[in-house]
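The values are calculated or read from the model by the stated rules, or taken from the named source; none is laboratory data. If you're wondering where the values come from, they're calculated on a predicted model, not measured in any experiment. Here the Cβ is made from the backbone with ideal geometry for all residues, glycine too, and neighbour counts use every protein chain on show. Ligands, DNA and RNA are stripped out before the accessible areas are found, and what is left, the full protein with its side chains, is counted by its heavy atoms. Shrake-Rupley method; radii C 1.70, N 1.55, O 1.52, S 1.80 Å.
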Amino acid sequence: MSELHMDYCFLGKRDEEVQPVLVVRERDNRMTLSFLVREKGNADTYVVRRVLAFLKEIGLAGNKIITKCDQESPIKALAVGIMKARDSPTVLEHSPVRSSGSNGIVERAIKEVEYQIRTMKSAVDKRLETNLGITTNILPWLIEYASVLLNRYLVGKDGKTSYERLKGKPSKMLGFEFGETVHFRRVPPPGRLAKLESWWNTGILVGYKST
């Protein structure tokens with residue numbers, strides 16, 4: 001049975017109020033999800049929908065799963081919200097109070113996500129000569145893209161990435177830098193394309209749409 005480990009971390013600069021980030025990791029393949037939330041708990045239904053989309057992405061939408069978290073009320077409320085929203089069986093497990101060892105999977109995930117976010121933010125700050133804060137509109141994209149890169153490029157002790165464990169093959173996703181200017185091909189509009197129109201355009205990469 002698959003296990004989904006969840007917890008919050010908090011990001012922000014010294015001169016601003018920190019914001020909660022939800023980090024979710026599946027035990028076996030180590031696929032990870034990270035995204036900024038408006039508040040902890042089950043009050044924001046988008047959070048539940050985003051976790052359900054992640055389960056679908058990693059092939060667990062119809063599987064029986066165990067959600068594991070600590071005993072803080074907000075994360076327990078989220079686990080209950082996920083259980084109620086799923087059609088498939090969901091077992092809730094809470095780690096003992098003050099037992100950091102039982103939360104090791106998600107604690108490792110949080111450290112890796114935080115390292116990746118800091119690295120990416122530092123690169124963007126240097127390139128744009130700025131100092132992005134947690135309330136900047138682009139930060140939610142960066143936070144979610146951080147776990148996408150970890151899933152596809154962080155190699156574990158078994159010599160495989162999380163994506164390889166899940167799919168059985170390496171990822172072919174192009175590793176563009178966050179915020180990089182890219183030349184991309186648009187989705188063709190309905191009807192015939194006028195002879196002077198082009199399907200190609202220039203944009204700023206802020207991540208990849210999950211499958």
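Listing for the model above:
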| read-out | value |
| --- | --- |
| Where Thr32 falls short, out of the listed (1) open to solvent by 20 Å² or more (accessible area, probe 1.4 Å); (2) of a type outside the set (A, V, I, L, M, F, W, C); (3) touching a residue at least 24 places away in the same chain (Cβ under 8 Å); (4) more than 27 Å from Thr130 (Cα to Cα) | (1) |
| Residue match in region 84-106 (condition: part of a helix (DSSP H, G or I), without any contact (Cβ under 8 Å) to a residue 12 or more places away in the chain, open to solvent by 30 Å² or more (accessible area, probe 1.4 Å) and within 18 Å of Val47 (Cα to Cα)) | yes |
| Subset of region 50-79 [touching a strand residue (DSSP E or B) at 6+ places or on another chain (Cβ under 6 Å), under 21 Å from Pro20 (Cα atoms) and part of a loop (DSSP other than H, G, I, E, B)] | Gln71 |
| Among residues of region 160-180, those that are surrounded by fewer than 18 Cβ atoms within 10 Å (Cβ to Cβ) and assigned to a helix (DSSP H, G or I), counted | 2 |
| Candidate set from region 35-74 (those that are closer than 16 Å to Glu3 by Cα and acidic (Asp, Glu)); member that is surrounded by the fewest Cβ atoms within 10 Å (Cβ to Cβ) | Glu57 |
| Residue that is most open to solvent (accessible area, probe 1.4 Å), among those in region 109-135 that are free of Cβ contacts under 8 Å to residues at least 40 places away in the same chain and not in a helix (DSSP H, G or I) | Glu129 |
| Residues of region 181-208 satisfying the condition of being over 30 Å from Ser34 (Cβ atoms), part of a loop (DSSP other than H, G, I, E, B) and in contact with a strand residue (DSSP E or B) (Cβ under 7 Å, 6 or more places away or on another chain) | Trp199 |
| Total residues in region 8-29, condition closer than 14 Å to Ile110 by Cβ and open to solvent by less than 40 Å² (accessible area, probe 1.4 Å) | 9 |
| Of the criteria (1) open to solvent by 50 Å² or more (accessible area, probe 1.4 Å); (2) within 21 Å of the chain's Cα centre (by Cα); (3) not hydroxyl-bearing (Ser, Thr, Tyr), which one Lys157 fails | (2) |
| Residue count, region 136-153 (criterion: surrounded by 13 or more Cβ atoms within 10 Å (Cβ to Cβ) and out of contact with any helix residue (DSSP H, G or I) (no Cβ under 7 Å at 6 or more places or on another chain)) | 9 |
